[in-house]
Amino acid sequence: MKTETLILGGGLAGLSAAYHSEREYRILEREARVGGLCRTNWYDGFGFDLSIHILFTKQPDLARLVCEDLLRGEYHDHTRSSWVYSHERYTGYPFQGSLYGLPTDVATECLVGLIEAHRNPPSQAPANFAGWAYATFGEGIAKHFFLPYNERVWATSPEEMDYRWIADRVAVPDHGSPHAARSNRR
Ligand SMILES: Cc1cc2nc3c(=O)[nH]c(=O)nc-3n(C[C@H](O)[C@H](O)[C@H](O)COP(=O)(O)OP(=O)(O)OC[C@H]3O[C@@H](n4cnc5c(N)ncnc54)[C@H](O)[C@@H]3O)c2cc1C
């Protein structure tokens with residue numbers, strides 16, 4: 001088989017590369033269907049999304065492409081109502097902005113950790129996503145929420161993940177660490 005452009009994997013990244021390619025291309029996908037993490041599997045009429053199908057973007061061009069050109073209006077607008085069950089109570093998501101209502105010792109640990117992290121920023125860029133979480137939020141928030149939550153969401157240890165890709169998607173304090181990203185409403 002010959003092709004000008006060979007794309008490995010038919011997830012969002014591969015499909016997007018193909019969509020925007022101006023050259024001839026071929027996609028190699030190991031599963032029976034493309035979509036990657038955005039696939040929905042159907043059993044007895046029930047659809048199970050492999051990951052949540054919610055679009056967060058600050059880019060008007062991307063929103064227009066997905067909502068108007070690709071989905072042609074077949075989407076719903078939602079106002080977020082997300083809650084974290086932690087220490088036997090619900091607190092708002094994102095956790096790092098919703099410490100009110102947590103047990104006093106937990107909220108204190110989170111706040112003190114945050115202050116310490118910002119007083120002592122690391123001299124080098126974090127080695128991974130876990131290091132970024134400690135540098136950005138401090139030990140308390142990292143321990144009580146950020147690391148276990150992300151390990152569960154991504155089914156991967158944050159120590160094995162890079163942090164730069166997530167930079168745009170996590171709500172960080174206004175005066176973040178040198179390696180923290182811009183604030184985002186997610
Ligand atoms: C729980 C969860 C929730 C999420 N929620 C959201 C959300 O709400 N909004 C949002 O924007 N994003 C969300 N994401 C992130 C989003 O789903 C991913 O960033 C995106 O789907 C990744 O696309 P990708 O193409 O990079 O990778 P993938 O989707 O992983 O695609 C990779 C593809 O490559 C194929 N492949 C792998 N190895 C080979 C090989 N050797 N040969 C051929 N093919 C191969 C795989 O089968 C797969 O189809 C979520 C992710 C998770 C896990």
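The values are calculated or read from the model by the stated rules, or taken from the named source; none is laboratory data. Bear in mind that the values here come from a model prediction, so they are computed numbers and not experimental data. So basically every Cβ, Gly included, is an ideal-geometry build from the backbone, and we count neighbours across all protein chains shown. Areas reflect the complete protein model, heavy atoms only, side chains present, ligands, DNA and RNA absent. Shrake-Rupley method; radii C 1.70, N 1.55, O 1.52, S 1.80 Å.
Look through Glu24, Glu88 and report the one residue that is at positive phi and more than 12 Å from the ligand (Cβ to nearest atom). Outline the logic, then answer.
On the way: Glu24 fails: at positive phi.
The conditions single out Glu88.
Determine the pairs where a residue that is modelled with pLDDT under 95, located within the stretch 27-50, has a partner that is more than 13 Å from the ligand (Cβ to nearest atom) with Cβ atoms under 8 Å apart, the partner being 6 or more residues away or on another chain.
Thr40/Gly47; Asn41/Gly47; Phe48/Trp42
If the requirement is being charged (D, E, K, R), exposed (fewer than 11 other Cβ atoms within 10 Å of the Cβ), closer than 27 Å to Thr156 by Cβ and not assigned by TED's automatic domain parsing to the domain that holds Glu29, which of these qualifies: Lys58, Lys143?
Sole residue among the options that is charged (D, E, K, R), exposed (fewer than 11 other Cβ atoms within 10 Å of the Cβ), closer than 27 Å to Thr156 by Cβ and not assigned by TED's automatic domain parsing to the domain that holds Glu29: Lys58.
How many residues, within the stretch 47-58, are more than 10 Å from the ligand (Cβ to nearest atom) and under 16 Å from the mean Cα position of the chain (by Cα)?
1
Among the residues of the stretch 3-20, is any more than 15 Å from the ligand (Cβ to nearest atom), in a loop (DSSP other than H, G, I, E, B) and more than 30 Å from Gly101 (Cα to Cα)?
For the stretch 3-20, residues more than 15 Å from the ligand (Cβ to nearest atom), in a loop (DSSP other than H, G, I, E, B) and more than 30 Å from Gly101 (Cα to Cα): present.
Of the conditions (1) within 16 Å of the ligand (Cβ to nearest atom); (2) among the polar types (S, T, N, Q); (3) at pLDDT below 95, Ser157 fails just one. Which one is it?
Tallying (1) within 16 Å of the ligand (Cβ to nearest atom); (2) among the polar types (S, T, N, Q); (3) at pLDDT below 95, Ser157 fails exactly one: (3).
Only one of these conditions is not met by Arg72: (1) farther than 20 Å from Leu12 by Cβ; (2) not in a helix (DSSP H, G or I). Which number is it?
Unmet for Arg72, out of (1) farther than 20 Å from Leu12 by Cβ; (2) not in a helix (DSSP H, G or I): (1).
Taking the criterion of being among the hydrophobic types (A, V, I, L, M, F, W, C) and open to solvent by less than 100 Å² (accessible area, probe 1.4 Å), would at least one residue in the stretch 42-50 satisfy it?
Here is the first cut: in the stretch 42-50, the ones among the hydrophobic types (A, V, I, L, M, F, W, C) are 42, 46, 48, 50.
Adding the requirement that they be open to solvent by less than 100 Å² (accessible area, probe 1.4 Å) leaves 50.
Yes; the residues of the stretch 42-50 include at least one that is among the hydrophobic types (A, V, I, L, M, F, W, C) and open to solvent by less than 100 Å² (accessible area, probe 1.4 Å).
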